[in-house]
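The values are calculated or read from the model by the stated rules, or taken from the named source; none is laboratory data. Remember, predicted model here, so these are calculated numbers, not experimental data. Glycine gets a Cβ as well: all are built from the backbone with ideal geometry, and neighbour counts include every protein chain shown. Calculation scope for accessible area: heavy atoms of the full protein, side chains included, ligands and nucleic acids excluded. Shrake-Rupley method; radii C 1.70, N 1.55, O 1.52, S 1.80 Å.
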Amino acid sequence: RRRPHSASSCGSHAVAAMAPQRAGAAVPSAAILLLLLLPLASAGLSSYFGTKSRYEEVNPHLLRDPLSLGPAAAGSQLPAACAPLQLRALLRHGTRYPTAGQIRRLGQLHARLLRRPAAVACPAAADLAAWQMWYEESLDGQLAPQGRRDMEHLARRLAARFPALFAARRRLVLASSSKHRCLQSGAAFRDGLGPSHSLGSDEVEIEVNDSLMRFFDHCAKFVALVEDNNAAMCQVDTFKEGPEMRRVLEKVASALCLPVEELNADLVQVAFLTCSYELAIKNTTSPWCSLFSEEDAKVLEYLNDLKQYWKRGYGYDINSRSSCILFQDIFQHLDKAVEESKSSKSISSPLIVQVGHAETLQPLLALMGFFKDDEPLKANNYVRQTHRKFRSGRIVPYAANLVFVLYHCDQVKTSKEEYQVQMLLNEKPMLFHHSNDTISTYEDLKDYYKDILENCHFKTECELPKINVTAVDEL
């Protein structure tokens, strides 16, 4: 269903190709130099793994103590007269294994190194050929043991932070995407609340809800014009052929003593992501990391971010508009909790925890206007985007979480201040756009997002145009 792509389809944004590699370069000596220098630099790669980043990259204090609430919790206290009524948590699944496709590509690259003539001295290639290829396609994106720990620890930290909501006999509603890694993450979150805790029992069933957690699969316009339309990724494809990626490609080919023609951007990215998987899954520095410097890592992070931006972020309106069904569902439950509180009823759903994907959270955050740069991410503005807000590894690492907390406050000056809301991303309070504060009255928040709440209709947004077109112009 995909059409072949030409980099020229990005028009004026196409990037000129680099000059060919200089003939006669001392490849083996360059590889030796690389091996001498890069073990020092490899420790600095972990900040650039994009959506394959460990959760600890955004919360380094967890490396010392996985149950620590960290400095952000101390500075986010509401007035004592405010009590939490409802917590709605949207989680990305925990650390996972590579997908079958990634494992296949890694196997191809590894097999190519095994076929190298042994007579040619090439330390980097020899080290990687000796590396044990332990990934099997049957692992295909499953939750890793570390991913289970991610979720158990997150549950315990949230329970410690909001003890009244997580108290015994408070009802927990647990939902998940149909993907195995999400269901397992939901079960791990539930189990993290402890065997002695009523919420931690297996009696809490996990509801599968793909209409909310995988809304993108159900949006025909997104699927046809972005997901299945290769032309929609022209900025990504152009960057793959551009000067920054060309430099990384030539450097990796030189280190592996391979002709540059035998590598491409996808294979280099697989090598880089293997470095990230080994760190996240096994907490080890993989020999694959030795192929990359910090500058290389920044280029490869940008490649990942470009894809996220154009497929899940601000690149096309439909990316975020498809998430309005989830956004509205959040506010419907908050509305219900406010009404129950006003009627002096107990809150029927004090805890709602839903497990999805990076692709669930990223469009929702874009819909709400977070992490938007003044200039779009494009193939030809890598340098200008050095300090961009849109860095997927800081926004949606493994176990990423977006939490809405609704409070009821006594001793307030006006009735509007009685119900207030806080939003946490990865356990850190977020600044609301309309108030530039980490707390907002519920009324002000609803007013700020009034247009999305009233006028963003999933069915209408996701309808395909009458004419069967696949042009990016439709977006």
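A few notes on this one:
- Accessible area per residue in Å² at 1.4 Å probe, computed on segment 324-399: 37
- Nearest-ten-degree value, helix 294-311 long axis tilted from longest Cα axis of the chain: 50
- Here the chain exposes an accessible surface that is 51 percent carbon and sulfur, computed with a 1.4 Å probe and the other protein chains kept in place.
- Compared with the dominant principal axis of the Cα atoms in the chain, helix 145-161 is inclined by about 30°.
- Solvent-accessible surface (1.4 Å probe) assigned to residue 349 amounts to roughly 20 Å².
- Angle in degrees between helix 180-192 and the longest Cα principal axis of the chain, rounded to the nearest 10: 50
- Cα-based reach from residue 413 at 17 Å (exclusive), listing aspartates and glutamates while leaving out same-chain residues under 8 positions away: 443, 444
- Listed by chain and number, the lysines placed with their C-alpha closer than 16 angstrom to that of residue 342 are 416; residues fewer than eight positions away on the same chain are left out.
- DSSP beta bridges in the chain [antiparallel fraction, %, rounded to 5]: 60
- Cα-Cα over 20 Å, subset of 179/282; 389/446; 240/378: 179/282; 389/446
- Residue-span extension gain [residue 180 to residue 132] - 0.36 nm each, minus C-alpha spacing: 14.6 nm
- With loop membership from DSSP and a limit of 15 other Cβ atoms within 10 Å, the longest segment of the chain without GluC sites (Glu not before Pro) is 206-462.
- Among (1) 31.5; (2) 24.2; (3) 29.6, the entry that matches mean projected area of the Cα convex hull in nm² as calculated here: (2)
- Estimated [θ] at 222 nm from DSSP helical runs (n ≥ 4, -39500 (n - 2.57)) normalised by residues in the chain, nearest 500: -11500 deg cm²/dmol
- The chain, dipole about Cα centre (Lys/Arg Cβ +1, Asp/Glu Cβ -1), debye to the nearest 20: 600
- Per-residue SASA remark: residue 51, around 10 Å² accessible (1.4 Å probe; ligands, DNA and RNA not included).
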